[in-house]
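Peer 1: Before I ask anything, let me first share the structure, which is written out below as structure tokens.
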Amino acid sequence: MTDKVNNNDSKKEHSGKKRSRKDKILTAVIVSLVFLIIGHNVISYYGASIFLPGREFSEITGIDPSNNRNTRIDISTGKTIVNFWATWCNGCLKEVHNLSNISRNVRVVGVLKKPFNPRVFSSLRLSHTNIIADDELFEEMHVSFLPLTVFVVDGVIKKVHTGPVSENTILDWLKDD
């Protein structure tokens with residue numbers, strides 16, 4: 001009888017070791033997945049800030065929303081604020097008038113992501129240039145979150161801001177350069 005009890009204890013101990021090993025493997029897989037997801041989100045949000053400064057960005061092509069014609073905007077000389085935004089993005093709509101105000105001091109170009117809502121756009125009555133770009137430009141520029149604003153000097157990206165940008169941030173960019 002004692003042998004039978006010892007045998008059962010040995011089976012339980014062996015079974016517990018198997019479970020413990022499986023638990024450790026499962027925990028390692030879950031922790032790895034969590035780190036991958038966090039890493040992906042960090043790169044998605046900060047990717048433009050990491051990869052874009054110093055990169056050449058000399059022209060923007062797309063459709064002019066005021067006349068529906070293909071347009072090319074040269075930003076290879078001087079200072080330009082480029083704002084990636086969308087008519088369906090609430091944060092974008094909150095900051096867009098600040099950009100129109102800034103356009104009195106520096107060239108501002110809005111780059112619109114599709115789908116484009118012409119009624120929303122025309123109701124804004126913006127004073128700065130805007131262009132509807134293809135999704136490829138947003139991918140190429142690592143734009144995962146909107147709005148995203150970049151400061152371009154002589155066709156080279158100097159500063160990047162993800163999220164709504166304040167007039168003060170842009171004025172600081174202009175002072176620093």
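The values are calculated or read from the model by the stated rules, or taken from the named source; none is laboratory data. Quick caveat: nothing in here was measured; it's all calculated off a predicted structure. Note: ideal-geometry Cβ built from the backbone for every residue, glycine included; neighbour counts use all protein chains shown.
Peer 1: Identify the single condition in (1) over 23 Å from PHE51 (Cβ atoms); (2) of a type in the set (Ser, Thr, Tyr); (3) modelled with pLDDT under 95 that THR87 does not satisfy, given that it satisfies every other one.
Peer 2: Answer for THR87: the failing condition is (3).
Peer 1: LYS114: in contact with a helix residue (DSSP H, G or I) (Cβ under 9 Å, 6 or more places away or on another chain), over 22 Å from ARG55 (Cα atoms) and of a type in the set (Lys, Arg), yes or no?
Peer 2: So LYS114 fits the description; yes.
Peer 1: Next up: Could you grab me the full set of residues in the range 130-163 that are more than 17 Å from LEU52 (Cα to Cα) and either of a type in the set (Gly, Ala, Ser) or buried (at least 20 other Cβ atoms within 10 Å of the Cβ) (or both)?
Peer 2: Hits for the range 130-163 are ASN130, ILE131, ILE132, ALA133.
Peer 1: Could you please find all residues in the range 99-118 being among the basic types (Lys, Arg) and either more than 16 Å from ILE63 (Cα to Cα) or at pLDDT below 95 (or both)?
Peer 2: Within the range 99-118, ARG104, ARG107 qualify.
Peer 1: Within the range 47-92, can you find the residues that are hydrophobic (A, V, I, L, M, F, W, C) and surrounded by fewer than 17 Cβ atoms within 10 Å (Cβ to Cβ)?
Peer 2: Across the range 47-92, the qualifying residues are ILE50, PHE51, TRP88.
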